[in-house]
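Here's the structure we're looking at; comments come further down.
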Amino acid sequence: MVLTSRQLEPYLRGTILFGIYALAFLHRLYTVLRFEVILNDHDPYFNYQATKYLYQEGMSGFRDWFDEKSWYPLGRVIGGTIHPGIMGTSVVIYNILSFLNPAIQLQYVCIFLAPFFASNTTIVTYFFAKEVSGHRSTGLVAAALIAIIPGFLPRSVAGSYDNEAVAIFGLMLTLFT
């Protein structure tokens with residue numbers, strides 16, 4: 001049986017979208033593959049420490065957390081001054097993954113969270129652009145652009161454990177729904 005071009009189109013579109021997804025994910029892993037698996041800066045490390053505290057103490061302990069080592073010598077009320085969205089997302093993903101594989105570490109979830117959400121943003125962007133324009137090809141172009149756009153790329157590389165990658169995903173998901 002020979003498939004016509006109209007019958008092959010969904011398979012081709014799916015293959016292209018999967019390729020864009022893979023490109024977005026793998027492109028953000030460059031530093032991890034080239035160097036080592038680490039958190040890149042001070043803010044990602046602080047967010048990791050906050051995530052670890054949230055995992056160990058729970059949400060009620062997190063809300064009341066006063067860290068005497070931050071802003072030394074005064075200290076800082078951490079739970080009241082930061083948004084726990086990225087930390088809570090990481091803890092939920094960590095709990096799911098540790099149920100499937102007990103050897104997983106929370107630090108690795110935090111390191112790879114940004115590339116995971118950035119690549120998922122390509123899928124949501126595809127559906128959003130397709131819905132707005134009415135053309136599937138526009139969705140593919142939009143997904144390809146969000147996968148490689150220079151303003152989003154440095155904020156969503158592996159080890160960049162900050163709010164931007166999850167926030168852009170949430171923004172696009174909100175606009176789509």
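Given the options R63, R76, R34, name the one that is in contact with a strand residue (DSSP E or B) (Cβ under 7 Å, 6 or more places away or on another chain) and more than 18 Å from D162 (Cα to Cα).
R76
Would segment 45-68 turn up any residue that is basic (K, R), assigned to a helix (DSSP H, G or I) and in contact with a Gly (Cβ under 9 Å, 6 or more places away or on another chain)?
yes
Give the residue that is most open to solvent (accessible area, probe 1.4 Å), with candidates limited to residues of segment 17-37 that are assigned to a loop (DSSP other than H, G, I, E, B) and at pLDDT 80 or above.
Out of the qualifying residues, it is F35.
Of the residues I20, I96, I86, I82, which single one is more than 28 Å from A143 (Cα to Cα) and of a type in the set (A, V, I, L, M, F, W, C)?
I82
Test each condition in (1) without any contact (Cβ under 8 Å) to a residue 40 or more places away in the chain; (2) touching an Asp or Glu at 6+ places or on another chain (Cβ under 7 Å); (3) not acidic (D, E) for N47 and report the one that comes out false.
With (1) without any contact (Cβ under 8 Å) to a residue 40 or more places away in the chain; (2) touching an Asp or Glu at 6+ places or on another chain (Cβ under 7 Å); (3) not acidic (D, E) applied to N47, the lone miss is (1).
The values are calculated or read from the model by the stated rules, or taken from the named source; none is laboratory data. As the structure is a prediction and not an experimental result, all values here were calculated from the model. Heads up, the Cβs are rebuilt from the backbone with ideal geometry, glycines too, and the neighbour counts pull from every protein chain shown. Remember, those area values only see protein heavy atoms, side chains included, never the ligands or the DNA or RNA. Shrake-Rupley method; radii C 1.70, N 1.55, O 1.52, S 1.80 Å.
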